[in-house]
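Data first, discussion second: the structure below is written as structure tokens.
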Amino acid sequence: MTPSRLTHHRFPLFPPPIQIPCQVTVTAPAILLGPFTFAFAFQYILATANRATAHPPPPQHYPPQGYPPRQQGGYYPPPGGQPPAELYGGPPPPQSPYGAPPPAHGQYGAPPPQQYPPQGYPPQQQQQQGGYYPPPAGQPPYGAPPPGSPYGAPPPGQYGAPPPQPPPPQHYGPPTPPTLGYGPPQIINWNADIDAQALQRAMKGFGTNEQLLIDVLHMKDPLQVEALKPAFFRLDGRKTLEGAIRDETGSWFQKGLVAIVQGPLLHDCHLLYDAMKGLGTNEKVLNDVLLSRSNADMQAIKGKFQQVFSVSLESMVKDDLSMKTERHFLIVLGATRAEDSAPLIPQEIDRDVDAIYDATEGMVGTDEMKVCSILSTRNDNQIRAIAHTYERKYKRRLEDVIRKEFSGHMEDALLYQLRHASDKYMHAAALLEDSMAGLGTKDHLLVSRVIRYHWDREMMANVKGAYKQRYKESLYKRIKGETSGDYRRLMLACVGE
């Protein structure tokens with residue numbers, strides 16, 4: 001084949017490479033080697049390609065994209081920034097006494113992280129507007145109720161129907177355990193016989209050793225009191241411990257000792273019964289015993305009241321209260337508060353704030369039951385958040401709104417619920433001062449409140465700190481100036497210096 005004929009061949013002299021799927025490239029000049037040479041070379045290339053595709057390299061095991069290599073044990077570590085599993089559910093940091101130096105993460109009066117500060121305190125630095133991290137995309141807020149329509153709304157999806165709104169939060173989260181003395185009976189590893197013998201000596205024969213009674217009883221916790229009562233009866237065989245104390249003592253000293261011997265649950269029931277029997281109602285006692293209680297404590301009080309007096313607590317409240325105040329306390333007795341573990345959801349806090357505004361300042365007149373329902377079914381942390389958000393949004397303290405829009409017993413009850421949630425130690429200090437302020441001492445309130453707080457020594461320590469901060473005088477000194485005799489010695493022993 002001459003060069004001229006090659007030049008005019010329909011194929012170019014060096015055509016583009018021929019691509020074969022086995023990733024082996026053959027160049028066209030091989031056709032110049034002759035048909036036999038080309039055929040031999042082509043068969044060799046195909047055989048090599050077949051061997052290459054018949055034995056692929058083994059697959060490699062890579063971790064999922066974005067994750068570090070697996071750790072020993074075969075599990076991938078959590079995404080960056082998340083703590084290991086054993087840290088979840090760990091115990092909360094210890095609480096500092098009231099008035100003690102502030103912890104490293106906050107200032108005096110500031111709540112734990114992810115909680116709103118008490119009313120009147122400056123807000124902490126928050127993660128975002130509202131102070132809480134949002135839930136993962138596509139998921140409902142943490143702790144939010146299942147989606148559904150409010151009562152009387154059209155079914156979801158109906159033409160022209162508004163989007164369904166979830167009901168307000170109620171019981172979400174693990175239930176709050178009962179306070180010590182309000183739970184089921186417990187057997188404790190403590191020998192009550194020695195103290196029972198001391199009590200018997202104090203009241204045996206002529207006269208009574210009042211100081212010994214104080215020394216033995218003032219430091220007992222509710223479980224020890226329950227163990228002490230049968231131990232005393234085994235020694236005496238005729239009188240109960242409460243009966244013996246009633247025979248040997250009198251006046252407010254007797255009432256204080258009886259309050260201790262009855263224990264917190266039974267004493268609450270007697271306070272309620274005495275507050276409602278006969279003419280009139282002791283509204284402050286109802287507030288002290290019933291408001292701001294956990295669901296577990298409320299159920300215990302209702303059950304014990306029925307057992308002791310053979311009448312339901314609800315029926316007595318209905319007979320003694322009336323109209324909307326009665327409805328308010330029936331909501332309280334329903335024991336439908338959000339549990340303490342229920343999370344704060346900013347959207348729900350905002351909804352409650354707007355509902356309170358619409359029921360008070362935002363309308364002519366007042367929708368009392370809307371406000372009563374919100375403050376009676378939210379936990380303390382939620383109420384504190386509502387108060388904080390209300391003031392920030394509407395430039396008015398929620399306490400001032402309640403004072404303006406309500407009156408009488410309902411006003412007092414709502415303020416009690418709000419103040420307890422905002423700062424329970426300062427609120428308790430104010431209640432103690434209220435029992436001593438003015439002309440004369442309200443001894444029945446002083447006794448019941450001192451005994452109530454003395455069951456929890458940490459609570460009492462914080463109340464004393466709050467009292468000193470607010471009134472510039474120690475609670476011990478204040479009570480000492482308002483009482484006398486054995487009554488004074490018992491109250492001071494329960495408070496402690």
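The values are calculated or read from the model by the stated rules, or taken from the named source; none is laboratory data. In this text, all values refer to a predicted model and were calculated from it rather than measured experimentally. Every residue, glycine as well, gets a Cβ built from its backbone with ideal geometry; the counts of neighbours run over all protein chains shown.
So which residues in segment 293-334 are over 20 Å from His270 (Cβ atoms) and not in a helix (DSSP H, G or I), if there are any at all? Residues satisfying the conditions are Ser294, Ser322, Gly334. Screening Val463 on (1) β-branched (Val, Ile, Thr); (2) within 24 Å of Gln254 (Cβ to Cβ); (3) part of a helix (DSSP H, G or I) shows it passes everything except condition (2). Counting only residues that are within 20 Å of Ala413 (Cβ to Cβ) and either part of a loop (DSSP other than H, G, I, E, B) or of a type in the set (Phe, Trp, Tyr) (or both), segment 362-399 holds 7 of them.
Taking every residue in segment 323-334 that is without any contact (Cβ under 8 Å) to a residue 24 or more places away in the chain and pairing it with any residue that is of a type outside the set (Gly, Ala, Ser), at least 6 positions away or on another chain, the pairs with Cβ-Cβ distances below 7 Å are Glu326/Val317; Glu326/Lys318; Leu330/Glu314; Leu330/Val317. Looking at segment 377-414 only, could you name the residues that are without any contact (Cβ under 8 Å) to a residue 12 or more places away in the chain and of a type in the set (S, T, N, Q)? Scanning segment 377-414 gives a single hit, Ser407.
For segment 366-410, residues that are closer than 12 Å to Ser422 by Cβ and surrounded by fewer than 17 Cβ atoms within 10 Å (Cβ to Cβ) total 1.
Checked against (1) surrounded by 14 or more Cβ atoms within 10 Å (Cβ to Cβ); (2) part of a helix (DSSP H, G or I), Thr208 meets all criteria but (2). Hey, could you check segment 400-419 for residues that are among the small types (Gly, Ala, Ser) and either assigned to a helix (DSSP H, G or I) or under 20 Å from Asp380 (Cβ atoms) (or both) and say which is farthest from the chain's Cα centre (by Cα)? Out of the qualifying residues, it is Gly408.
Within segment 425-455, the residues that satisfy the criterion of being in contact with a Pro (Cβ under 9 Å, 6 or more places away or on another chain) and either within 21 Å of Asp340 (Cβ to Cβ) or surrounded by fewer than 20 Cβ atoms within 10 Å (Cβ to Cβ) (or both) are Met426, Arg452, Trp455.
Among the residues of segment 325-351, the one identified as surrounded by 17 or more Cβ atoms within 10 Å (Cβ to Cβ), of a type in the set (A, V, I, L, M, F, W, C), more than 20 Å from Pro177 (Cβ to Cβ) and out of contact with any helix residue (DSSP H, G or I) (no Cβ under 6 Å at 6 or more places or on another chain) is Ile345. None of Ala359, Ala429 is closer than 30 Å to Lys255 by Cβ and among the hydrophobic types (A, V, I, L, M, F, W, C) except Ala429.
Cβ-Cβ contacts under 7 Å between residues 6 or more apart (or on different chains), taken from a first residue in segment 458-482 that is within 12 Å of Cys494 (Cα to Cα) and free of Cβ contacts under 8 Å to residues at least 60 places away in the same chain to a second residue that is of a type in the set (Asp, Glu) and in a loop (DSSP other than H, G, I, E, B), are listed as Tyr476/Glu497.
The residue that is surrounded by the most Cβ atoms within 10 Å (Cβ to Cβ), counting only those in segment 227-284 that are more than 37 Å from the chain's Cα centre (by Cα), of a type outside the set (A, V, I, L, M, F, W, C) and not in a helix (DSSP H, G or I), is Thr249. Return yes or no: is Gly485 modelled with pLDDT under 95, surrounded by fewer than 16 Cβ atoms within 10 Å (Cβ to Cβ) and not β-branched (Val, Ile, Thr)? Here the answer is no, as Gly485 does not meet what is asked. For segment 456-481, filtering for residues that are surrounded by 21 or more Cβ atoms within 10 Å (Cβ to Cβ) and among the hydroxyl-bearing types (Ser, Thr, Tyr) leaves 1.
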